[in-house]
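Beneath this line is the structure, given in C-alpha cells, with notes to follow.
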Amino acid sequence: MSRGPRLLRSALRSSGLRSYWWRQYPCLREPAARAAAEAHVLGTLRALPPSQRAGYAAALRLLPLAYRLASGGRSLRGATGEEGRRGMRALSALPGFSEVVRSSTALALLGALDGRTGQAGEGGRR
C-alpha cells in the first residue's frame, strides 16, 4: 500500500467517525459491513483530486478537536448515541465539518449496503 492510502486510512481512523457510526447505525456493527463501509469511504476519497483529498484528510484529522470544541469538551469516541447526536448538531455550526460528517456517513452506509448485497466487489467500490 502506498503512502497516500495509508494516510487516508489513518485520517479516517483518527477522526472518531467509525465509533460514531457504530453507535448510530446498528447495521454498521457487523464486521463485514464495517469493513465494506470503510473501504467505500476510502475508495471514494482516493478518487478525489489530490488537493481535495488532502483537504478532506485534514478535516478528518481535525474532526476530534472540532467535536471537543463544539460539544464542550466531550470525546467523539466515547460519546453515547445521544451524546454523539447532540455533539454532531453542535459541530454543524463549524464551517465544513457537517459536510464532512454527512458525506462520510452517506458513503459508509452505501458501502455497507453494497457490501452486504454482494452487488459490488471489494467493499462496495465499483
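Contact map, segment 85-104: residues that are surrounded by 14 or more Cβ atoms within 10 Å (Cβ to Cβ) paired with residues that are basic (K, R), Cβ distance under 7 Å, separation 6+ or inter-chain. Pairs shown: G87/R74.
If the condition is being of a type in the set (A, V, I, L, M, F, W, C) and not in a helix (DSSP H, G or I), then segment 4-50 contributes A47, L48.
When the residues of segment 59-84 are filtered to those that are assigned to a helix (DSSP H, G or I) and in contact (Cβ under 8 Å) with a residue 40 or more places away in the chain, which remaining residue is surrounded by the most Cβ atoms within 10 Å (Cβ to Cβ)? Break it down stepwise before answering.
Taking segment 59-84 and keeping what is assigned to a helix (DSSP H, G or I), we get 59-71, 81-84.
Now restrict to residues that are in contact (Cβ under 8 Å) with a residue 40 or more places away in the chain: 59-61, 63-64, 67, 81, 84.
On the way: A59: 18, L60: 24, R61: 15, L63: 24, P64: 16, Y67: 27, G81: 12, G84: 24.
Within segment 59-84, the match that is surrounded by the most Cβ atoms within 10 Å (Cβ to Cβ) is Y67.
Of all residues in segment 27-34, none satisfies being within 24 Å of L113 (Cβ to Cβ), out of contact with any helix residue (DSSP H, G or I) (no Cβ under 6 Å at 6 or more places or on another chain) and open to solvent by less than 40 Å² (accessible area, probe 1.4 Å).
The values are calculated or read from the model by the stated rules, or taken from the named source; none is laboratory data. Model, not experiment: these values are computed from the prediction. Reconstructed Cβ throughout: ideal geometry from the backbone, glycine too, with neighbour counts over all protein chains shown. Quick note on the areas: whole protein, heavy atoms, side chains included, nothing else; ligands and nucleic acids left out. Shrake-Rupley method; radii C 1.70, N 1.55, O 1.52, S 1.80 Å.
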